[in-house]
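The values are calculated or read from the model by the stated rules, or taken from the named source; none is laboratory data. Note that the coordinates shown come from a computational prediction; the quantities given were computed from them, not determined experimentally. So basically every Cβ, Gly included, is an ideal-geometry build from the backbone, and we count neighbours across all protein chains shown.
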Amino acid sequence: MSLIELSDQEIQRRETLKKLRDLGIDPYPAALYPVTHKSSEIKNNYKEGEKVVIAGRLMRRKVQGKASFGELQDADGRIQVYFNRDEICPGEDKSLYNDVFKKLLDLGDFVGVEGEVFKTQVGETTVSVKNFTLLSKSLKPLPLPKTDAEGKVHDAFTDPELRYRQRYVDLTVNPHVKEIFVKRTKLFTAMRNFFNDAGYMEVETPVLQSIPGGAAARPFITHHNALDIPLYMRIANELYLKRLICGGFDGVYEFSKNFRNEGMDRTHNPEFTAMEIYVSYKDYNWMMDFTERLLEHCAIAVNGTTEATFGEHKIDFKAPYKRVTMRQSIIDFTGFDIKGKTEDELREACKSMGIAVDDTMGVGKLIDEIFGEKCEGNYIQPTFITDYPKEMSPLCKEHREDPSLTERFELMVCGKEIANAYSELNDPIDQRERFEDQVRLAQKGDDEATEFIDQDFLRALEYGMPPTSGLGIGMDRLIMFLTNNPAIQEVLFFPQMRPEVFGAKKGPELNENEKLIFDLLAKAQKMDLNELKEQTGLSNKQWDKGVKGLAKHGLTKVTKEEDQLTIELV
RNA sequence: GAUUCCGUAGCUCAGCUGGUAGAGCAAUACACUUUUAAUGUAUGGGUCCAGGGUUCGAAUCCCUGCGGGAUCACCA
């Protein structure tokens, strides 16, 4: 990057950097800095006169002559620091205060401070600085949002594009954003602890798979050079976890980064995190109990309460949750009973409800459309929807009382699904037939159906899998609900975005029009302005921009005598 | 994919029916020894997203492109 592209303030900071080096101060020292306290420890456990060593970013500086206040921001928050000229510079030489502190430090610099804790007249806990060390120089000015006495934020850094692309800045200046990610980590920890306490084991399964299975979604495809085969990035980890149940574990779970090559919007990112857990000798009824206890536990761990606010809704994750069969749900909201209906009858019903259908849709898909259109959005409080039609659930066990249904539930919150669970299908012959049905659906044109048959998974089932219940939870969605964020981008550190274009800006060299004008003028050195314009044959706008551009580069000068405008090279 | 809104100083934003680009904070200089977003005075800082068009003249009007937001569609 050339200097010409730097802003005024960036150039100043680079000059400051040089001055520091000239004074023998290393702006990027290597040595460990012996921090003894965090800002929160000092503020929460105030001890008058305590000697502390702290470090962080200098985020505020207010000079008042021979004394100054500043604010240091560390991982926990901010603490005020007090610089007194004669404390820092006891002798004749006051340059450490006058020059280094006042002129060569900038907001955003990482600084280490040794000092003593005291309270100012206004009562603010403050560290009185005895000595300070520059730990890392900041060359770009940070946005500086400020909160006033009424809690109103001024100059907030809010542009989503800038915030997502430069999350490091977002995290530095927006403490509430940091809080979201602290909560996100608390959620993962709480869930992990809950599973571990129950005796289940965290495992890892492949991200690169030769058959993308376990869900209906478009995968990302890549290529392995040594094997010379296509590999897919996983869309789900279900089939691998079930193999491990076949292998004899009681319970296994994995926080799984999944990748789906589909649309992006405020609730969908190409990579997202799911949690899947499989527990042997259990069924979906047990899993419902387990799920509501899990979510209650997680809500408390994250927010300290089972209650959460999401937009206009107040949600309560306190167990137990309401349970409604899909059939009953559709009766409740449409008056239509799906039990025993043929594909044609269902298609007619959809049409009468104003739901768009086409010929590729089978019984399951049609029911799903009705539910999605008429029912789903109505469940605000956590609600289990149970007993899904068989066609929609190729990996789920047939219902013990009704062979057209499966033992499946989804957990709905605020009209969105956040969990999905089965009594897992473990009959290998049934499973093979369901896969084959899926292949037929895919051939019929249903792009949600799975077109691959995972033969190795079927082989595992043939050796035998104990009765098992499995649960999947969309972790991003769950944390959105727990932190009141309607956009998935807000709960991902680095949401996917179109790549930023760097270095595309033009340098100081002349553009085509400027060159044309310059070359013509170079022959004469000095010309009448209008004459030159005619010779170039440029449009008014192009001419105007070109001439202004040249003047800006300091190459030409226009002089006016009487009504005569003359242009000459400088 | 469709519709719609937005892109101006490091940050937040003004800028009317076209007429020399503005404010606050940040920066620079000077003064000030306990301040609470906000000390005073002075100063500097902009290819107004890019390219084209209309015009004597475009940040402003029109077209195209790029980037982003919102709504809808699709997708868990």
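Filtering the range A:110-159 to residues that are over 15 Å from residue A:68 (Cα atoms), in contact (Cβ under 8 Å) with a residue 24 or more places away in the chain and not in a strand (DSSP E or B) leaves A:137, A:138, A:139, A:140, A:141, A:142, A:143, A:144, A:145. Among the residues of the range A:109-128, those that are within 9 Å of RNA strand B (Cβ to nearest atom) and not acidic (Asp, Glu) comprise A:118, A:119, A:120, A:121, A:122, A:123, A:125, A:126, A:128. Among the candidates A:232, A:240, the residue that is in a helix (DSSP H, G or I) and surrounded by 15 or more Cβ atoms within 10 Å (Cβ to Cβ) is uniquely A:240. In the range A:70-91, the residues that are under 9 Å from residue A:60 (Cβ atoms) form Cβ pairs under 9 Å with partners that are aromatic (Phe, Trp, Tyr) and within 11 Å of RNA strand B (Cβ to nearest atom), at six or more places apart or across chains, as follows: A:70/A:82; A:70/A:83; A:80/A:69. Of everything in the range A:347-367 that is in a helix (DSSP H, G or I) and in contact (Cβ under 8 Å) with a residue 24 or more places away in the chain, the residue that is nearest to the chain's Cα centre (by Cα) is A:365. Looking across the range A:63-107, the residues that are within 20 Å of residue A:39 (Cα to Cα) and either away from RNA strand B (no atom under 11 Å from the Cβ) or not assigned by the TED database to the domain that holds residue A:122 (or both) come down to A:72, A:73, A:74, A:75, A:76, A:77. For the range A:368-390, a residue qualifies if it is assigned to a helix (DSSP H, G or I), touching an Asp or Glu at 6+ places or on another chain (Cβ under 8 Å) and under 19 Å from residue A:407 (Cα atoms), and the qualifying residues are A:376, A:390. Restricting to the range A:58-104, and then to whatever is hydrophobic (A, V, I, L, M, F, W, C) and part of a loop (DSSP other than H, G, I, E, B), can you tell me which residue is modelled with the highest pLDDT? Looking at the filtered set, the residue picked out is A:75. Among the residues of the range A:277-287, those identified as surrounded by 15 or more Cβ atoms within 10 Å (Cβ to Cβ) and under 15 Å from residue A:198 (Cα atoms) are A:277, A:278, A:279, A:280, A:282, A:287. Would you say residue A:418 is at pLDDT 95 or above, in the same structural domain as residue A:292 (by the TED database) and within 11 Å of RNA strand B (Cβ to nearest atom)? Criteria not met by residue A:418.
Residues that are assigned to a loop (DSSP other than H, G, I, E, B), surrounded by 16 or more Cβ atoms within 10 Å (Cβ to Cβ) and out of contact with any Asp or Glu (no Cβ under 6 Å at 6 or more places or on another chain) within the range A:454-498 comprise A:454, A:465, A:485, A:492, A:495, listed in sequence order.
The lone criterion from (1) out of contact with any helix residue (DSSP H, G or I) (no Cβ under 7 Å at 6 or more places or on another chain); (2) among the small types (Gly, Ala, Ser); (3) farther than 26 Å from residue A:294 by Cα left unmet by residue A:247 is number (3).
Residue by residue, here is whether (1) surrounded by 14 or more Cβ atoms within 10 Å (Cβ to Cβ); (2) within 25 Å of residue A:87 (Cα to Cα) holds:
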{"site": "A:13", "(1), (2)": "yes, no"}
{"site": "A:24", "(1), (2)": "no, yes"}
{"site": "A:60", "(1), (2)": "yes, yes"}
{"site": "A:68", "(1), (2)": "yes, yes"}
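Among the candidates A:200, A:253, the residue that is touching a Phe, Trp or Tyr at 6+ places or on another chain (Cβ under 8 Å), at pLDDT 90 or above, crowded, with 20+ Cβ neighbours inside 10 Å and closer than 22 Å to residue A:299 by Cα is uniquely A:253.
Remark: pairs (first residue in the range A:162-173, farther than 17 Å from residue A:78 by Cβ and modelled with pLDDT of 90 or more; second residue assigned to a helix (DSSP H, G or I) and within 12 Å of RNA strand B (Cβ to nearest atom); Cβ separation under 7 Å; 6+ apart in sequence or on different chains) = A:163/A:170; A:164/A:489. Apart from one condition, residue A:32 fits all of (1) hydrophobic (A, V, I, L, M, F, W, C); (2) more than 25 Å from residue A:144 (Cβ to Cβ); (3) more than 33 Å from the chain's Cα centre (by Cα); the exception is (3). Here's a check for you: in the range A:141-177, which residue that is surrounded by 15 or more Cβ atoms within 10 Å (Cβ to Cβ) and of a type in the set (Ser, Thr, Tyr) is nearest to RNA strand B (Cβ to nearest atom)? For the range A:141-177, the residue satisfying everything is A:164. Of all residues in the range A:1-55, which are of a type in the set (Lys, Arg) and touching a residue at least 40 places away in the same chain (Cβ under 8 Å)? Within the range A:1-55, A:13, A:14, A:19, A:43, A:47, A:51 qualify. Do the conditions hold for residue A:450, that is, is it in contact with a strand residue (DSSP E or B) (Cβ under 6 Å, 6 or more places away or on another chain), of a type outside the set (A, V, I, L, M, F, W, C) and in contact (Cβ under 8 Å) with a residue 12 or more places away in the chain? No: the conditions fail for residue A:450.
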